[in-house]
1. Which residues, taken from the stretch 221-248, are of a type outside the set (S, T, N, Q), surrounded by fewer than 17 Cβ atoms within 10 Å (Cβ to Cβ), touching a Ser or Thr at 6+ places or on another chain (Cβ under 9 Å) and part of a helix (DSSP H, G or I)?
2. Condition (residue is modelled with pLDDT of 95 or more, surrounded by fewer than 20 Cβ atoms within 10 Å (Cβ to Cβ), polar (S, T, N, Q) and more than 30 Å from residue 5 (Cβ to Cβ)) applied to the stretch 182-200: is it met by at least one residue?
3. Among the residues of the stretch 145-181, what is the count of those that are crowded, with 21+ Cβ neighbours inside 10 Å and not in a helix (DSSP H, G or I)?
4. Kindly provide the set of residues from the stretch 76-91 that are of a type in the set (Gly, Ala, Ser) and either assigned to a helix (DSSP H, G or I) or over 9 Å from the mean Cα position of the chain (by Cα) (or both), ordered by number.
5. Regarding residue 86, is this residue farther than 18 Å from residue 190 by Cα, in contact (Cβ under 8 Å) with a residue 12 or more places away in the chain and either of a type outside the set (A, V, I, L, M, F, W, C) or crowded, with 19+ Cβ neighbours inside 10 Å (or both)?
6. Evaluate the following for residue 203: is it within 20 Å of residue 25 (Cα to Cα) and either over 14 Å from the mean Cα position of the chain (by Cα) or not in a helix (DSSP H, G or I) (or both)?
7. Find the residue count for the stretch 177-233, including only residues that are in contact with a Gly (Cβ under 8 Å, 6 or more places away or on another chain), outside the structural domain of residue 75 (by TED's automatic domain parsing) and either of a type in the set (A, V, I, L, M) or farther than 28 Å from residue 252 by Cα (or both).
8. Kindly check whether there is at least one residue in the stretch 3-26 that is surrounded by fewer than 23 Cβ atoms within 10 Å (Cβ to Cβ) and among the small types (Gly, Ala, Ser).
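The values are calculated or read from the model by the stated rules, or taken from the named source; none is laboratory data. If you're wondering where the values come from, they're calculated on a predicted model, not measured in any experiment. Reconstructed Cβ throughout: ideal geometry from the backbone, glycine too, with neighbour counts over all protein chains shown.
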Amino acid sequence: MTDKNAANPIGVFDSGVGGLSVLREIHKLLPHENLLYVADSAHAPYGDKSKEFVLERSTAIVDFFVSHQVKAVVVACNTATGAAVKELRPTINQTIIAMEPAVKPAAERTQTGIIGVLATSRTLSSNNFQILFARFADQVKIITQACPGLVEQVERGDLSSDKTRALIVQYVQPLVAQNVDIIVLGCTHYPFLVSLIQEIVGSSIAVIDSGAAIARELKSRLEKAEILAGPHHPGPVRFWSSDGNGQAKQVISQLWGADVEVDIMPERVLA
């Protein structure tokens, strides 16, 4: 029997626009779901913020989603997953889906036994990642690379400039030099740079992320709870940003691939 909450929306959030890479996978797999997206771009990147700050922002955004009666929350941010999900889960009744860098599929696919992970400093130092690292440390060699500045390039919608290219070259060269054959994108902003990353590292190195896997996990959890939306019509997608300088609409529309309206977050969430 379909639960009365099946028509309720799903909330998805990130420190900024990066989580749109996860949102597009969710929208592709679950086109009938009502989706709410929050880009906390006024506070991006989370990767250089304290755990306490990221938890505070994540809590405010989840409270916003709860006020919109969401049936599930997707934390489309590896940094927020590491800093906040454990604390958030006991506070709400809704399903929470969290990010995990695609180390497991990379470990299963690698031929050289060496994989690289590109992520923010906070993600790499998080307890979640250290546990993930330990799970596969006896199977593969994992080389990690923090990537300061890449999130900011995506936040500007700057996906192909000389500056963006130079940063990527700087960060992938150490991985290529150590014979990785798979690079895991451990930040949801980075899939928007995948074409440039692939061009730089060459076709012999696979570049993977977690977006599609997160969408499948969300679908599985909704099916299990019997709250998948019915196939009556395409589900609406609404966007909010905490950045009121006018850039949010332009960049979100660019990355989403369509002209969309972007509302500014209410004052109570902005603080």
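1. The answer is 221, and nothing else.
2. There is at least one residue in the stretch 182-200 that is modelled with pLDDT of 95 or more, surrounded by fewer than 20 Cβ atoms within 10 Å (Cβ to Cβ), polar (S, T, N, Q) and more than 30 Å from residue 5 (Cβ to Cβ).
3. Count: 2.
4. Once the filter is applied, which keeps residues that are of a type in the set (Gly, Ala, Ser) and either assigned to a helix (DSSP H, G or I) or over 9 Å from the mean Cα position of the chain (by Cα) (or both), the stretch 76-91 yields 80, 82, 83, 84.
5. The answer is no for residue 86.
6. Working: within 20 Å of residue 25 (Cα to Cα): no; either over 14 Å from the mean Cα position of the chain (by Cα) or not in a helix (DSSP H, G or I) (or both): yes.
Considered against the rule, which asks whether it is within 20 Å of residue 25 (Cα to Cα) and either over 14 Å from the mean Cα position of the chain (by Cα) or not in a helix (DSSP H, G or I) (or both), residue 203 comes out as no.
7. Going through the stretch 177-233 one residue at a time, the tally reaches 5.
8. yes
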